[in-house]
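Asks: Handing you this structure, nothing more for now.
The values are calculated or read from the model by the stated rules, or taken from the named source; none is laboratory data. Source: prediction; values computed, not measured. Cβ placement follows ideal geometry from the backbone for every residue including glycine, while neighbour counts extend to all protein chains displayed.
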There are 2 protein chains.
Amino acid sequence: MKQQFVSYIRNLQNTITSRLEEVDGKATFKEDLWKRPEGGGGRTRVLEHGAVFEKGGVNISEVHGKLPETMQQYFGVKDADFFACGLSLVLHPINPMVPTVHANWRYFEMYNAEGEIVDHWFGGGQDLTPYYLFEEDAKHFHNICKSACDTHNTSFYPTYKARCDEYFYNSHRGESRGVGGLFFDYCKVSDEMSMQDWYNFVTEVGDSFLEAYVPIVEQRKSLSYTKAQKDWQEIRRGRYVEFNLVHDKGTLFGLKTNGRIESILMSLPPKVQWVYDHQPDVGSEEEKLLNVLKNPRDWVG
Amino acid sequence: MKQQFVSYIRNLQNTITSRLEEVDGKATFKEDLWKRPEGGGGRTRVLEHGAVFEKGGVNISEVHGKLPETMQQYFGVKDADFFACGLSLVLHPINPMVPTVHANWRYFEMYNAEGEIVDHWFGGGQDLTPYYLFEEDAKHFHNICKSACDTHNTSFYPTYKARCDEYFYNSHRGESRGVGGLFFDYCKVSDEMSMQDWYNFVTEVGDSFLEAYVPIVEQRKSLSYTKAQKDWQEIRRGRYVEFNLVHDKGTLFGLKTNGRIESILMSLPPKVQWVYDHQPDVGSEEEKLLNVLKNPRDWVG
């Protein structure tokens, strides 16, 4: 399973970065190979100053070794070894009419002292963060998510859509980070799902990413926008930073377990503003977005 | 003591905001009075788009009530009531040659079910975050800190200087937030210090703030700078955000205990950049700063 998923994410990284370079038309991904002193490493690909994308990263990593202390506490185990691999991506477009997107697909194995697998699971998801709300974009993104789920189990989409709303939530602001998508974790063997079934599900979601996101980019990337709309995007990017640094478990684990900082923090937007007590005008498009972030909606059905 | 310190910080807020408005010469502080539903409130003063300061906040708050759950766990107490008051300030200048400054002076009381004080202490400090290092500025700031300390106890400056370096540290980057200053906490009654002695010490530090910072601003505010130097300032401000959102106990407590979000996050800089894997040129002024942040120095003596 380990080898099967590792080669899947390697190929997927190639597929996604090639397609995004085509969409951007100007910038290309810069590749950094890195090694983790304790075992494993990664292949980080970052694009900056594109024609469509202001900044984006599509990273894979395969790490292994002793489970770090903080994660031992988290999982309630002692002296375990682990293997983890995954693909993480975040894209910050220039045009505020194009949403930011985040996706992650990962596989985790935990071993006992004899090197036997004692636990293993998949996790991941994909979610959309617009600055201006085009309802048909949110619907398109969610419809693709739902299709990828439904082949495997019709309960997956409603369950993982709800978890996504729950997870990507800035509790200190009382608002969601974006309009959601899918979030799943600890996908383990059950009566209904073998690990191969989970692999098939997770890779189907991974394969759906470009179809979920690229048509939205193509549709919105040439829309005109004002300086005030760009400012609003940069203010909202501040909320993205707040989520990632205050609440996101993946980011905090990375920062506290000697991960490669620049690969973890590639998720942070290129230019950000914090304006004191910014409030959108009543009835404005900006307020319309906030209302949806405060009251997550159903986008399909 | 409570009333004595509350009126001290009210006056100090007036003194500091008046002086900073003079220094800025263009913008004035906007005042927001707010109430905390569970008890108490604050007076937030924020300045934006000045001639010298791009953004700054000088806030006081006096809050009381049941000690929030997360703080009960932190202090290892149950069903305690508390009172806390303090002044917090952060100033983000426009010119990258002028350092950012942060200061905080606070007083805390904890009560038992009978409403008797079971514990009380002072805390606070002030610290400097330059984007370009002028050694004489760091020396000036630290000298004023040392003078304020030495009248009370000559061990205070070395102790609280070291704690400041230790506290304002981005462990995930292996670098200090800035060139430090003073940081003290849990200043309680001892054989040597009564609460009135601590009050005298803390207010002497508070009174020293303008003298520690304003001459540096006056000295540097008219220096010319390039777009690249402004970019460097905005990149370094990203590290400031990382510290405040990932490591700063005060910020995290505020966010997790229903504090007034906009007053807490006024500390975040107005415009910030995250550039992937930014490395200053060998031998540059930017690298010189980083070297000092990686190896905190003694600035007096």
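Asks: Condition check: surrounded by 14 or more Cβ atoms within 10 Å (Cβ to Cβ), within 25 Å of A:Tyr240 (Cα to Cα), under 21 Å from the mean Cα position of the chain (by Cα) and of a type in the set (Val, Ile, Thr). Does A:Val63 satisfy that? Quick ask: steps written out before the conclusion?
Replies: Details: surrounded by 14 or more Cβ atoms within 10 Å (Cβ to Cβ): yes; within 25 Å of A:Tyr240 (Cα to Cα): no; under 21 Å from the mean Cα position of the chain (by Cα): yes; of a type in the set (Val, Ile, Thr): yes.
Considered against the rule, which asks whether it is surrounded by 14 or more Cβ atoms within 10 Å (Cβ to Cβ), within 25 Å of A:Tyr240 (Cα to Cα), under 21 Å from the mean Cα position of the chain (by Cα) and of a type in the set (Val, Ile, Thr), A:Val63 comes out as no.
Asks: Of the numbered conditions (1) more than 14 Å from chain B (Cβ to nearest Cβ); (2) touching a residue at least 40 places away in the same chain (Cβ under 8 Å), A:Trp34 satisfies every one except a single condition; which is it?
Replies: (1)
Asks: Which is touching a strand residue (DSSP E or B) at 6+ places or on another chain (Cβ under 6 Å) and either away from chain B (no Cβ under 14 Å) or free of Cβ contacts under 8 Å to residues at least 40 places away in the same chain (or both), of A:Gln73, A:Gln13, A:Gln3?
Replies: Answer to the check: A:Gln13.
Asks: Surrounded by fewer than 19 Cβ atoms within 10 Å (Cβ to Cβ) and farther than 21 Å from A:Val202 by Cβ: is that true of A:Ala51 in this structure?
Replies: Yes: the conditions hold for A:Ala51.
Asks: Which of the residues that make up region A:228-280 are part of a loop (DSSP other than H, G, I, E, B) and facing chain B (nearest Cβ under 8 Å)?
Replies: Residues of region A:228-280 that are part of a loop (DSSP other than H, G, I, E, B), as a first pass: A:248, A:257-260, A:268-270, A:274-280.
Hits for region A:228-280 are A:Leu268, A:Pro269, A:Pro270, A:Trp274, A:Val275, A:Tyr276, A:Asp277.
Asks: Residues A:His247, A:His278: which one is closer than 17 Å to B:Leu245 by Cβ and of a type outside the set (S, T, N, Q)?
Replies: Values: A:His278 fails: closer than 17 Å to B:Leu245 by Cβ.
Of A:His247, A:His278, the one residue that is closer than 17 Å to B:Leu245 by Cβ and of a type outside the set (S, T, N, Q) is A:His247.
Asks: Would you please name the residue that is farthest from the other protein chains (Cβ to nearest Cβ), looking only at residues in region B:281-297 that are free of Cβ contacts under 8 Å to residues at least 60 places away in the same chain and in a loop (DSSP other than H, G, I, E, B)?
Replies: B:Gly283
Residue-by-condition table, conditions (1) surrounded by 15 or more Cβ atoms within 10 Å (Cβ to Cβ); (2) in contact (Cβ under 8 Å) with a residue 40 or more places away in the chain:
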site: B:Cys149; (1), (2): yes, yes
site: B:Thr154; (1), (2): no, no
site: B:Tyr160; (1), (2): yes, no
site: B:Cys164; (1), (2): yes, no
site: B:Gly174; (1), (2): no, yes
site: B:Arg177; (1), (2): yes, yes
site: B:Trp198; (1), (2): yes, yes
site: B:Gln219; (1), (2): yes, yes
site: B:Tyr225; (1), (2): yes, yes
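Asks: Identify the residue in region B:44-70 that is in contact with a helix residue (DSSP H, G or I) (Cβ under 6 Å, 6 or more places away or on another chain) and either aromatic (Phe, Trp, Tyr) or farther than 15 Å from B:Cys85 by Cα (or both) and, among all such residues, is nearest to the other protein chains (Cβ to nearest Cβ).
Replies: Residue satisfying both the conditions and the ranking: B:Val46.
Asks: Within region B:172-185, is even one residue more than 30 Å from A:Ile264 (Cα to Cα), under 16 Å from the mean Cα position of the chain (by Cα) and part of a helix (DSSP H, G or I)?
Replies: No, every residue in region B:172-185 fails to be more than 30 Å from A:Ile264 (Cα to Cα), under 16 Å from the mean Cα position of the chain (by Cα) and part of a helix (DSSP H, G or I).
Asks: Something else about it: Give region A:27-68 a look and list any residue that's at pLDDT 95 or above, in contact with a strand residue (DSSP E or B) (Cβ under 9 Å, 6 or more places away or on another chain) and not in a strand (DSSP E or B), or say none.
Replies: Those that are at pLDDT 95 or above, in contact with a strand residue (DSSP E or B) (Cβ under 9 Å, 6 or more places away or on another chain) and not in a strand (DSSP E or B): A:Ala27, A:Thr28, A:Phe29, A:His49, A:Gly50, A:Val52.
Asks: In addition: Of everything in region A:69-116, what is of a type in the set (S, T, N, Q), surrounded by fewer than 23 Cβ atoms within 10 Å (Cβ to Cβ) and assigned to a strand (DSSP E or B)? Give them in sequence order.
Replies: Across region A:69-116, the qualifying residue is only A:Asn104.
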